[in-house]
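*Asks:* One structure, pasted below without further comment.
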Amino acid sequence: MEEIEKLIRSGGQPGSGYSLAALLDQAQTRLDSIRAEDDHVTADKKDKDQKERSAIAQMVEREAKLNEEEKRKYAEFLAKDYFTKSDFADLSRFYTDGGAYDRLSEGGKAEMNERVKEGVRRGKYNESDLPDNVEREVFDGEKGRNGRAASDLRTSSIERRRESATLASSPTGGGPDEMPGDTKPLESKMELPSELAGLSKLSSVQETNAVVVPQTERGSDGREIGG
C-alpha cells in the first residue's frame with residue numbers, strides 16, 4: 001500500500017509487467033488475510049475468556065459460606081494465574097484467621113494457595129516476603145500436614161514390624177506344641193542319692209535284668225505253697 005501511494009504521489013509508473021491496479025489488488029489481498037488472522041485470534045481469545053469466566057463463576061458459586069463481597073474478591077483472585085506484591089494487602093485480609101479463607105472448601109483453598117506459590121516460582125516475590133498469615137497458612141501449614149503424614153507412615157511401619165514379630169513368635173497353627181529346647185527326656189533309670197546307694201548294697205534284693213519265675217509246691221491239703 002505504501003508503494004502504491006508513493007507512485008501515485010510521484011506520478012511514476014510501476015516496474016515492467018506491473019500496473020497500479022495489480023499492485024493494489026495484491027496489497028488488498030494481503031491486508032484482508034491479515035485482518036482475517038486477527039479476527040480469528042480475537043475470536044479464539046474471546047472464546048477462551050468466556051470459558052474461563054464461566055469456570056470461575058462455577059467455582060465461586062460452590063463457596064456457599066462466603067458472602068457476596070467475599071465471593072467478588074475470590075473471583076478476582078481466581079482470574080489471576082499468580083499473585084504479585086501488589087496483591088499482598090488484599091491477600092492478608094482474605095487470609096485473616098476466621099476470615100474468608102477459613103470458610104473456603106478444600107478445593108477453594110488449594111486454588112488460592114497454588115496462585116500464591118506460583119508467584120514465588122515466577123520470582124515475583126520470595127516466600128519470606130509474604131504477609132505472615134499467608135505464609136503460615138500456605139507454607140507452614142503444608143509442612144505441618146506433610147510432617148503428620150510422614151509420622152503416620154512411620155507409625156504404620158512400626159506397627160507392621162511388631163505384628164510380624166508377634167506372628168513369628170507364636171506357635172504354628174494346628175500342630176502339636178514343640179518341646180522347649182532345654183527340656184531333657186526322662187532318664188530310663190532313676191539314680192539314687194549317694195546316702196541310699198550304700199543301703200542298696202546291704203539289701204537282699206538285688207537288681208537284675210533276669211526274670212525269675214517263683215517256685216511253688218502243694219501241701220498235704222492240696223493248696224499251693226510258695227511263690
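*Asks:* Please list, in order along segment 56-69, the HN-Hα scalar couplings obtained from phi with the Karplus expression 6.51 cos²θ - 1.76 cosθ + 1.60 (θ = phi - 60°), rounded to whole Hz, x for Gly and Pro.
*Replies:* 5, 4, 5, 5, 5, 5, 6, 8, 5, 7, 8, 7, 5, 5
*Asks:* So what does the Cα-only Debye profile of segment 20-96 read at q = 0.13, 0.24, 0.26 Å⁻¹, as log10 I(q)/I(0), no solvent term?
*Replies:* Log10 of I(q)/I(0), two decimals: -0.60, -1.09, -1.15.
*Asks:* Modelled label-to-label distance, Asp102 and Ala89, 7 Å Cα→beta-carbon offset: nm?
*Replies:* That separation, rounded to one decimal, is 2.4 nm.
*Asks:* Something else now. With every protein chain present, what accessible area does Arg35 have (1.4 Å probe, heavy atoms only), rounded to the nearest 10 Å²?
*Replies:* 130 Å²
*Asks:* Which whole-number percentage describes the relative contact order of segment 65-135, with Cα contacts under 8 Å and a sequence gap of 6 or more? Could you put the intermediate results ahead of the total?
*Replies:* Details: 49 pairs, mean separation 30.1, N = 71.
Contact order relative to length: 42 percent.
*Asks:* So, in nm, how far is label Ala64 from label Tyr82 when the simple model puts each one 7 Å beyond its Cα toward the Cβ?
*Replies:* 3.6 nm
*Asks:* Now a separate question. Treat every Asp and Glu Cβ in segment 44-127 as -1 and every Lys and Arg Cβ as +1, leave all other atoms uncharged, and give the resulting dipole magnitude about the Cα centre to the nearest 20 debye. Walk me through the intermediate numbers first.
*Replies:* Details: 20 positive and 20 negative charges, 52 e Å.
Here the size comes out at about 240 debye.
*Asks:* Is there a pair in Lys48/Lys124; Lys46/Lys124; Lys65/Lys109; Lys51/Lys73; Lys45/Lys71; Lys46/Lys109 whose C-alpha atoms are over 23 Å apart, and which pairs would that be?
*Replies:* Long pairs (Cα-Cα over 23 Å): Lys48/Lys124; Lys46/Lys124; Lys45/Lys71; Lys46/Lys109.
The values are calculated or read from the model by the stated rules, or taken from the named source; none is laboratory data. What you see is a predicted model, and the numbers here were worked out from it, not measured in a lab. Heads up, the Cβs are rebuilt from the backbone with ideal geometry, glycines too, and the neighbour counts pull from every protein chain shown. Side chains included, ligands, DNA and RNA excluded: accessible areas come from the protein's heavy atoms. Shrake-Rupley method; radii C 1.70, N 1.55, O 1.52, S 1.80 Å.
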